[in-house]
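Bear in mind these aren't lab numbers, they're just calculated from the coordinates by the rules spelled out. Since this is a predicted model, take the numbers as computed values, not measurements. Cβ placement follows ideal geometry from the backbone for every residue including glycine, while neighbour counts extend to all protein chains displayed.
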Amino acid sequence: MANTVVITGANRGIGLEMARLWHARGERVIAVCRTPSQALGDLGVEIIEGIDVTRPEDIDTLRQKLANEQIDLLYNNAGILTDESLDNPNWDQILRQFEVNALGPLRVTHALLDRMSKNGKVGVMTSRMGSVADNTSGGRYGYRMSKAALNAAGKSLAMDLKPRGIAVAILHPGFVQTEMTGNQGNLKPEEAAERLIQRLDELNLDNTGTFWHSDGSVLPW
C-alpha cells in the first residue's frame, strides 16, 4: 500500500524533485504550496495551493483539507533565504526568515500531528548554515539564526514525538543548484532530492533527531 506523503514548498527546486521522485515510485503525494508551478501541475500529484506557512488561517485551511487523511510522512520543505550583514541588518527580512524557516515547520507539524500515522515520519529542511560549530564566515544573520532555531525545534520534536512512534529527521540538502542559491552549487535538485529521500527511508526511532547532510554524514550542531 502506498504511503501518503505531504510536502510543503513543492512548487519548485528540491521540493518539486522530491515530489516527482516519490510520485514515480508509487507514493501518494500531496504537494502544498502558495502558488503551483506548471512543472508541479504536470506531475499529476494532488495539490493544495494558497498555503502560506506563516499564516495561522492558512494552516487551519491545510488542516481542514487533510481532515480525513492519514499522513505517513510530512516533509517541511518551504523556506526562504535573504542576505543580511552586520553593516546592513534588514530587521524585517530577518524576522520574515524566522517566520518562514523556523516557525512555519513547527506550525505545520503541530497542526497535522493528529493526522500522522502510527510510526509516521517528519522531515525538516534545514541547512548546515544553521550550525553554530560550522560557522566560519559569519554574515547571513537571518538565515543562519532561523535555521539554528529550526534545528532546535526539530530536536525537540524528535524527543516529544518519539513516545508516539514518530521519528524526525533534520536534513541539510547540500549546495544545490536552485533559484535560492542563484543556481550555484555542486548538486542538481534531483540529486539532492534522491539523497534526502534515502535519508528519510533510513529514518527510525533509533536515529531520530539526527542533523544529517544529505550524503549521510552527521553534521555538528
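Observations on the structure shown:
- Within the set (1) 33, 21, 16; (2) 29, 22, 17; (3) 25, 19, 18, the number that semi-axes √(5λ) of the Cα gyration tensor in Å takes when calculated for this structure is listed as (3).
- Antiparallel content of DSSP bridges confined to the chain, in %, to 5: 5 percent
- Springs join every pair of Cα atoms under 10 Å in this Gaussian network model of the chain, and among 135, 76, 204 the largest mean-square fluctuation is at 135.
- Label point distance in nm, residue 110-residue 42, each placed 7 Å from Cα along Cα→Cβ: 3.9 nm
- Rounded to the nearest 20 debye, dipole of the chain from Cβ charges on Lys, Arg, Asp, Glu: 400 debye
- Rounded to the nearest 20 debye, the dipole magnitude of the stretch 129-221 is 380 debye, with +1 charges on Lys and Arg beta carbons, -1 on Asp and Glu beta carbons, and the Cα centre as origin.
- Here the gap between residue 136 and residue 198, fully extended at 0.36 nm per residue and compared with their Cα-Cα distance, gives a gain of 19.4 nm.
- GNM remark for the chain: springs join alpha carbons under 10 Å apart, and the peak mean-square fluctuation among 171, 73, 205 falls on 205.
- Cα-Cα separations in the stretch 4-127 greater than 20 Å, expressed as whole percent: 42 percent
- Proximal lysine pairs, the stretch 4-213, alpha carbons under 17 Å, eight or more residues apart or interchain: 4
- For the stretch 146-163, backbone nitrogen atoms closer than 13 Å to the point 7 Å from residue 221 Cα along Cα-to-C-beta are found at 148-159.
- Pairwise Cα distances in the stretch 123-221 exceed 20 Å for 38 percent of all pairs.
- Charge dipole (the stretch 94-221, unit charges on Cβ, about Cα centre) - positive-most of 122, 197, 100: 100
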